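K.L.:
Just passing along the structure, written as structure tokens.
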Amino acid sequence: MQREVLTLATLATLDQSSPDRPGKIAAAFNLAIQQAMADIHNRPREAKQRVITLKTLLTPVGGDEDGVDAVDVQFICEAKMPAKHTRAYSMDVEYVGRESAPMPAFATNHPANTKQGTFEDLAEEPERTE
């Protein structure tokens, strides 16, 4: 059985399914890089950083005062992207029911303008007599 010492160089081969494929942690890191780059491509004006963190957790297993017998090693790959958001929409306040809290309301045909009317609204208005 061949053994490798865990280093940054050998980490990419850890838990490989085949010699021509990266190991699971390398695949997770590569995916996080791809996601960050896709986010940068989709939102180039978002100046906030995209952060990818690879954590290594080492937990001693067994052993005594003279040393440990083994160590459990776990890897965590985290990607943090800036929050995605829409522009602000100005909405009217409507009361639904007698004792309910006020709720924001928008015009379905024009969300940016809550006062936007429709032809149906005109049909509902009583005719003006002068």
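K.L.:
With the requirement that a residue be surrounded by 15 or more Cβ atoms within 10 Å (Cβ to Cβ), farther than 15 Å from ALA79 by Cβ and not aliphatic (A, V, I, L, M), what does region 1-54 give you?
P.N.:
PRO22, GLY23
K.L.:
Output the residues belonging to region 96-130 that are modelled with pLDDT under 85, in contact with a strand residue (DSSP E or B) (Cβ under 7 Å, 6 or more places away or on another chain) and loosely packed, with under 12 Cβ neighbours inside 10 Å.
P.N.:
VAL96
K.L.:
Counting only residues that are under 11 Å from MET81 (Cα atoms) and among the small types (Gly, Ala, Ser), how many does region 13-37 have?
P.N.:
Counting residues in region 13-37 that are under 11 Å from MET81 (Cα atoms) and among the small types (Gly, Ala, Ser) gives 2.
K.L.:
Given the criteria modelled with pLDDT under 95 and either small (Gly, Ala, Ser) or out of contact with any Phe, Trp or Tyr (no Cβ under 7 Å at 6 or more places or on another chain) (or both), does ALA38 qualify? Explain how you work it out, then say what you get.
P.N.:
On the way: modelled with pLDDT under 95: no; either small (Gly, Ala, Ser) or out of contact with any Phe, Trp or Tyr (no Cβ under 7 Å at 6 or more places or on another chain) (or both): yes.
When the stated conditions are applied, ALA38 does not pass them.
K.L.:
Can you tell me which of (1) surrounded by 13 or more Cβ atoms within 10 Å (Cβ to Cβ); (2) within 30 Å of THR7 (Cα to Cα); (3) not β-branched (Val, Ile, Thr) is the one MET91 doesn't meet?
P.N.:
So MET91 meets the others, but not (2).
K.L.:
ALA79 is checked against (1) over 30 Å from ASN109 (Cβ atoms); (2) free of Cβ contacts under 8 Å to residues at least 40 places away in the same chain and fails just one. What number does that condition carry?
P.N.:
(2)
The values are calculated or read from the model by the stated rules, or taken from the named source; none is laboratory data. Because the structure is a prediction, the values reported are computed rather than measured. As a convention, Cβ positions derive from the backbone with ideal geometry for all residues, glycine included, and neighbour counts pool all protein chains shown.
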